[in-house]
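Comments concern the structure below.
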Amino acid sequence: MFNLTKRQLVCFGAGALIGVPLFFLLRKPLGLSPAAIVMVISMLPAFLLAMYEKNGQPLEKVIGNIIQVCFTRPRKRPYVTNNFYAAVERQYQLDKEVALIVRKSKAHPAGAEADRSRSRKGKKD
């Protein structure tokens, strides 16, 4: 309708639903000119939401991006990569450590029993 998108029609309709009754309510107490100014100011956000676009994004997405950049995300973002080789190397070191522990426990089973009995005695004291 009128070569407008659905979004623009909804925003213009919302602006009219807010501004026109406000004008008629304020016309007698304030006068015509101040009531018209209040109406225009109250309708302006709806018109901005309908018409403003930057880089193909509507106003609410632009404002959301600004809020994310300024408030929610950290200011300093260090460049960190997920290095697959480092992860494989850490896993290899952990596997070696586990194998060493298993070898020690198999080599000295009596020593492991002695350690367990010492810990039991320590718990009793």
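Descriptive notes on the structure:
- Neighbour-count ranking [beta-carbon atoms within 10 angstrom, fewest first] of Ser42, Ser105: Ser105, Ser42
- Computed helical MRE - 222 nm, the chain, DSSP H runs ≥ 4 contributing -39500 (n - 2.57), nearest 500: -25500 deg cm²/dmol
- The order of Arg103, Arg77, Arg27, going from fewest to most other C-beta atoms within 10 Å of their C-beta, is Arg77, Arg103, Arg27.
- Efficiency of FRET between Ala14 and Asn65 - r from beta-carbon atoms, R0 22 angstrom, step 0.05: 0.45
Bear in mind that the values in this text are calculations on the coordinates, not laboratory data. In this text the structure is predicted, and so the values were computed from the model without any measurement. For neighbour counting, all protein chains shown are included, and Cβ atoms are generated from backbone atoms with ideal geometry for every residue, glycine included.
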